Amino acid sequence: MSSLFEAAGLENEAPRPLADRLRPRTLDEVVGQDHLLRGEGPIARMRAQKRFASIILWGPPGVGKTTIARLLAKESGLEFEPLSAVFSGVADLKKAFERARARREAGRGTLLFVDEIHRFNRAQQDGFLPVVEEGVITLVGATTENPSFELNAALLSRAQVLVLKRLDADSLELLVGRAETELGRDLPVTPAARKALLDLANGDGRYLLNLVEELFALDRDAPLAPEDLSTYLQRRAPVYDRDRDEHYNLISALHKSVRGSDPDAALYWLARMLEGGEDPLFLSRRIVRMANEDIGLADPTAIHAALAAKETYDFLGSPEGELALAQAVVHLASAPKSNAVYSAYKAARRAAKETGSLPPPKHILNAPTRLMKDEGYGAGYEYDHSAEDGISGQDYFPDEMKDRPVFYEPTDRGREAAISERLAKWRALRERRQHKS
């Protein structure tokens, strides 16, 4: 059904944002996604074979997901049916499926585009399965979240996931050039400000064109310098959602930077998360975990530094307390690393599950009653403090565990080097004792 504006032919005369006016008219005009659209890319192969399958487009905002879906419909001759999972429910899906079935009976196909498809719940996602399998629709879903976590396995098995990239500097520059051609004049900025503008866009083409449109609307004689941009343009908050994919990506980057002994990268990811509004308590917990998991006894002070950072933040709050978190991160990244205790505990847990409920050897059991003494509890126990070098060399594993396991194998880094020497000496003492017995 056309609107009054369309019927009167006035729609094309209505004001349109620059980003909409510059929307690509063919797939060949899409920038920044050559890995999908050119050469042996999956969409390029579909075009060559004239066979368009259901796909999930996964990528950050402003990189062309909606545009690609529209152009796929145009090129394949399918009716473009758009839905937004933010504003649609089961009733809207049923109506879309009914329209698609009616088109199919008339010999026409439908490309159903679902924006933010991850916002549909599991039951709603299941609703796509029969219409996709029957060929009633070709589904193109768009999502900014990791489909592995947000979409049903059944739906993922019926649609290929294609990953779209953030637009690089060359792609963003191409968009600015198109805007200048469209408007017939150069962007009123210095070369340095032009580069700063591309950085400000943060890989988002739509956001860049909105900024460009604002700059073209300015009434200025002299071009803008980088320091002028903040006067006329509002910097967007970093793309960060504490409950979504970016949250887990950035904490992984922070943790692995600490593990990799790179304090500079660790500070960068810590700052990214704090600037994005991450809960400092969450960061504090993860920093404590890093101290236990990746440093352990190679630097026993690391855990104290991590806990002290949490206490300091609780005392000072933001922004002063954030420095304590930064100090702890640098301490951990700069410390010698060992996951020996972490690995030993996991191995011990596996052994505990496998051996069931084996009792301790009787010689290390207390015998507070006559009956327990008669049963041999405590018989033959040697008090280690009275032994030479403070160790008796007795075996403390269950009698049934003949092959004495070794869980903890300290590294030769940091304080664990000295621990390793001591344990080697004590293990040799136990082995000599066992041979004698």
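How many residues does the range 366-395 hold that are part of a loop (DSSP other than H, G, I, E, B) and open to solvent by less than 80 Å² (accessible area, probe 1.4 Å)?
Filtering the range 366-395 for residues part of a loop (DSSP other than H, G, I, E, B) gives 366-369, 375-383, 387, 391-395.
So of that shortlist, the ones also open to solvent by less than 80 Å² (accessible area, probe 1.4 Å) come out as 367, 369, 376-380, 382, 387, 391-395.
Qualifying residue count, the range 366-395: 14.
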(message) Can you say whether Ala123 is small (Gly, Ala, Ser) and open to solvent by 40 Å² or more (accessible area, probe 1.4 Å), as far as the supplied structure shows?
(response) yes
(request) Please find, among Ala96, Ala123, Ala91, Ala100, the residue that is under 27 Å from the mean Cα position of the chain (by Cα) and in a helix (DSSP H, G or I). (result) Ala123
(request) Could you grab me the full set of residues in the range 196-229 that are surrounded by fewer than 22 Cβ atoms within 10 Å (Cβ to Cβ) and in a loop (DSSP other than H, G, I, E, B)? (result) Asn202, Asp204, Ala217, Leu218, Asp219, Arg220, Asp221, Ala222, Pro223, Ala225
(message) Just the residues that are outside any helix (DSSP H, G or I) and over 30 Å from Val258 (Cβ atoms), please, taken from the range 335-360.
(response) Thr355, Gly356, Ser357, Leu358, Pro359, Pro360
(message) Test of understanding: among His363, His435, which residue is part of a helix (DSSP H, G or I), at pLDDT below 90 and open to solvent by less than 50 Å² (accessible area, probe 1.4 Å)?
(response) His363
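If you take the residues in the range 67-82 that are aliphatic (A, V, I, L, M) and assigned to a helix (DSSP H, G or I), which one is farthest from Ala100 (Cα to Cα)? Can you show your working first?
Of the range 67-82, the ones aliphatic (A, V, I, L, M) are 68-69, 71-73, 78.
Now restrict to residues that are assigned to a helix (DSSP H, G or I): 68-69, 71-73.
Working: Ile68: 20, Ala69: 17, Leu71: 18, Leu72: 17, Ala73: 13 Å.
Filtering the range 67-82 for residues that are aliphatic (A, V, I, L, M) and assigned to a helix (DSSP H, G or I), the one farthest from Ala100 (Cα to Cα) comes out as Ile68.
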(message) For the range 396-426, which positions are in a helix (DSSP H, G or I) and open to solvent by less than 70 Å² (accessible area, probe 1.4 Å)?
(response) Glu416, Ala417, Ala418, Ile419, Ser420, Leu423, Ala424
(request) Considering each residue of the range 327-350, count those that are more than 25 Å from the chain's Cα centre (by Cα), among the aliphatic types (A, V, I, L, M) and surrounded by 14 or more Cβ atoms within 10 Å (Cβ to Cβ), and give that number. (result) 5
(message) If a residue must be in contact (Cβ under 8 Å) with a residue 24 or more places away in the chain, of a type in the set (Ser, Thr, Tyr) and either closer than 19 Å to Glu275 by Cα or crowded, with 17+ Cβ neighbours inside 10 Å (or both), how many such residues does the range 248-262 contain?
(response) 1
(request) Could you please let me know if Ala309 is in contact with a helix residue (DSSP H, G or I) (Cβ under 7 Å, 6 or more places away or on another chain), closer than 11 Å to Leu332 by Cα and not acidic (Asp, Glu)? (result) no
(message) If I ask for residues that are farther than 30 Å from Arg108 by Cα, in contact with a helix residue (DSSP H, G or I) (Cβ under 9 Å, 6 or more places away or on another chain) and part of a loop (DSSP other than H, G, I, E, B), which ones from the range 145-167 would you list?
(response) Glu145, Asn146, Lys165, Leu167
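The values are calculated or read from the model by the stated rules, or taken from the named source; none is laboratory data. Source: prediction; values computed, not measured. Here the Cβ is made from the backbone with ideal geometry for all residues, glycine too, and neighbour counts use every protein chain on show. Just so you know, the surface numbers come from the protein's heavy atoms only, side chains and all, with ligands and any DNA or RNA stripped out. Shrake-Rupley method; radii C 1.70, N 1.55, O 1.52, S 1.80 Å.
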